[in-house]
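Since the structure comes first, as structure tokens, the remarks are kept for the end.
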Amino acid sequence: MYPALVFTSLMCVLFQFDPIQAWVVWDHNAIANGQWWRIVTGNFSHTNLSHLAMNLAGLWVICFVFQPSRIRLLVYLFIISLFTGTGLLATDIQSYVGLSGTLHGLFGVFALTEALTGRRSSWLLVVGLVAKVAWEQFVGPSTTTGALINARVAIEAHLIGALGGFLLAWIKVKRRI
């Protein structure tokens, strides 16, 4: 798992630098004009170093808690980033960066998989994620976090990512993959 975490972290750092960042940001118009890679790559770029540090800390904590294999982590990162980036096309968002939508999905897939396979305490994690996302949808994004990352928190990405993670967990458990 650690080589995958280091690889992902280095990729996120690399995506902070121009001109690379200009080519990886999730941009609705650029995607509509055929730059499809941005659907995934936008999840791995960030607004500033605070945003990057918060998201990478979240990724490392999630992996420490759930201990996924290297392959499972990389596959889930890709699938959930693809799901989140595609789902954002149905919103009003024109530009997006950040791993938080994917992190919500990762947390969701790992917690719900554990819950569905018999670890009853993991239902608390699932309920916590649902409550957090629901709170954001009803109350709105955190202004404190927005000030720290110098952008509006994309709560749409959190919702889409969590839904993607829950869907992936359900498929995984039903198909035993």
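The values are calculated or read from the model by the stated rules, or taken from the named source; none is laboratory data. These numbers come from a predicted model, not from an experiment. Ideal geometry is used to build each Cβ from the backbone, glycine not excepted, and the neighbour counts take in all protein chains shown. Surface areas here come from the heavy atoms of the whole protein model, side chains and all, with no ligands, DNA or RNA. Shrake-Rupley method; radii C 1.70, N 1.55, O 1.52, S 1.80 Å.
Quick notes on this structure:
- Residue within the stretch 84-102 that is assigned to a helix (DSSP H, G or I), touching a Leu at 6+ places or on another chain (Cβ under 7 Å) and surrounded by 15 or more Cβ atoms within 10 Å (Cβ to Cβ) present: yes
- Residues located in the stretch 138-167, provided they are surrounded by fewer than 16 Cβ atoms within 10 Å (Cβ to Cβ) and either in contact with an Asp or Glu (Cβ under 7 Å, 6 or more places away or on another chain) or among the hydroxyl-bearing types (Ser, Thr, Tyr) (or both): Ser142, Thr143, Thr144, Thr145
- If the condition is being closer than 24 Å to Asn48 by Cα and not in a loop (DSSP other than H, G, I, E, B), then the stretch 149-166 contributes Ile149, Ile155, Glu156, Ala157, His158, Leu159, Ile160, Gly161, Ala162.
- Some residue of the stretch 70-79 being surrounded by fewer than 19 Cβ atoms within 10 Å (Cβ to Cβ), at pLDDT 95 or above and in a loop (DSSP other than H, G, I, E, B): no
- Scanning the stretch 48-61 for residues that are in a helix (DSSP H, G or I) and open to solvent by 20 Å² or more (accessible area, probe 1.4 Å) returns Leu49, Ser50, Ala53, Met54, Leu56, Ala57, Gly58, Trp60, Val61.
- Matching residues in the stretch 1-47 - criterion: being among the β-branched types (Val, Ile, Thr), over 22 Å from Pro68 (Cβ atoms) and either open to solvent by less than 20 Å² (accessible area, probe 1.4 Å) or at pLDDT below 95 (or both): Val24, Ile31, Ile39
- For Trp170, the criteria (1) without any contact (Cβ under 8 Å) to a residue 40 or more places away in the chain; (2) assigned to a helix (DSSP H, G or I); (3) open to solvent by 80 Å² or more (accessible area, probe 1.4 Å) hold in every case but one, which is (1).
- From the list Leu148, Leu116, Leu88, the one residue that fits, being touching a strand residue (DSSP E or B) at 6+ places or on another chain (Cβ under 9 Å) and either at pLDDT below 95 or not hydroxyl-bearing (Ser, Thr, Tyr) (or both), is Leu88.
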